Amino acid sequence: MRIRADAAPATRPEGPRRGAEQRRSRVGRRGLYTVFFLNGSILASWAPRIPQVKADLHLSEGQLGIALLGVALGSVPAMPAAGILVDRFGSRIVTRAALPVYASAIALLAPADGLLSLTLALAVLGAAVGTLDVAMNTHAVDGERGSRRSGISSFHGLYSAGALAGALIGTAAAAAGVRPDTQFLVTAAVALLASAPAAAVLGPAVHAMHRSRTRPRSRVGPGSRRRLLWLSLLGLSVLLIEGVITDWGTVYLADSVHARPGVSGTGYAAFALAMTLGRLAGDRAAARFGPVRVVRFGALTAGSAAAIAIAAPTPWVVVPAFAAVGLGIASSFPLVLGGVGRQFPDAPGPAVAAVSSTGYLAFLAGPPLVGFLAAHLALRAALLVLPLLALAAASLAGLLSREPSIDPHPRRPQPCAGA
């Protein structure tokens, strides 16, 4: 039988082409892992230095709360704007632009010599991190939709690994007597060097998430806004817990539990380590038990551990309690974002931006609220918001069970060149 000469070449390139696409996908995924790691490490390197900055600038607890509000003032308006930019230009372009700005913004903390300059520097840092958060999370959510399996928690695991690394660097620098301004300048230089190769290898979005000039921008419909609001409140609850531990955990150990500088930093380090481990295992746990059970049980665990930390008189009880809080809420926010990506497939950029804006408003504006309460009551009393927030998160976890139907014969997604 004669074989047509033109039959074989039609199928031969398919294997090499698919292999090349898979290699590019792996490289792009590693680049996004690096972006998440850098995001966590830069901001976390500031957390262990807060007590020394507070002492050097002679700030009261109320004034420190005002300074911390600067991060929220910068990030909250930046996040909705980032959602629009992602929807218009694509998540890859916005991530590439925001990463070096955020890496260099930590250096602005070095020359701060008072409440006003510190607040302004933190506002710039907040705007940069808010923009990067929306862009990188949208890129990760899109990848999860493309693979049709839970995977965003692992990216947040790398964020927590970066936070752990930053916390350990800040704690070690504090114990060694390194000045905070020196640490911030070195952190900016190293982060800038690492950001360039990570941004360069980011892969394109799987789904076309931005619109051309002739097509309308994707939006969340009126009928879905209420559901998006409740999902945002769920994200707010868990991120507020994380934000309070991040900004006040070290201060609580130093001032209320009277831990030494080297020991006070270990509280946040233990929290960040537990967050890392919990998020790396979060996708597997969600696949086995479902996101509702993972978020609900984790919130109840976090609330119980927070109550123990508030009542404890010694750092050797507070530190493991902080770790239990971190383990409990570790995968909650990533699972919320994954649920948003699946429930709002036609408007992932604005939907992720809405949940991120609300959640990070709590992450960044909540700690100043705790500072206000601590100034009028006591820090121990102010931290009672932690178990209350955990109960709220547990009650809202059922929102994650609402998933849209999946087409059993989906069309093959087309890469978006600009995202």
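When peptides 296-302, 266-272 are ranked by their average number of other Cβ atoms within 10 Å per residue, the highest-first order is 266-272, 296-302.
Of the peptides 237-247, 277-287, the order by per-residue mean of other Cβ atoms within 10 Å, starting with the highest, comes out as 237-247, 277-287. From the alpha carbon centroid of segment 74-112 to that of segment 221-262 is 21 Å. For segment 260-318, the Kirkwood hydrodynamic radius comes to 13.0 Å, computed from all pairs of different C-alpha atoms. Multiplying the residue separation of SER117 and PHE372 by 0.36 nm and subtracting their alpha-carbon distance yields 89.8 nm. Length available on full extension from ARG225 to VAL27: 0.36 nm per residue minus the Cα-Cα distance, which gives 67.7 nm.
Remark: segment 75-188 carries a charge dipole of roughly 360 debye about the Cα centre, counting +1 on each Lys and Arg Cβ and -1 on each Asp and Glu Cβ.
Looking at the square roots a ≥ b ≥ c of the eigenvalues of the Cα gyration tensor of segment 58-199, which shape do they give, rounded for a/c under 1.5, prolate if a/b is larger than b/c, or oblate?
Verdict is prolate for segment 58-199.
When you restrict to C-alpha pairs under 8 Å that are six or more residues apart and normalise by the size of segment 69-179, the relative contact order lands at 36 percent. Each label point was placed 7 Å from the Cα along the Cα-to-Cβ direction; for ALA196 and ALA81 their separation is 2.7 nm.
Tell me the relative contact order for segment 220-316 as a rounded percent, counting alpha carbon contacts under 8 Å between residues six or more apart.
On the way: 26 pairs, mean separation 26.5, N = 97.
With pairs under 8 Å counted, the relative contact order is 27 percent.
Remark on segment 250-403: Rg and Dmax equal 16.4, 51 Å (Cα only). Ranked by the mean number of other Cβ atoms within 10 Å of their residues, highest first, the peptides 384-391, 110-117, 133-140 come out as 133-140, 384-391, 110-117.
Throughout, read-outs are computed from the coordinates displayed, never taken from laboratory work. Predicted model, so just to flag it, every value in this text is computed and none were measured. Glycine also receives a Cβ, built like all others from the backbone with ideal geometry; neighbour counts cover every protein chain displayed.
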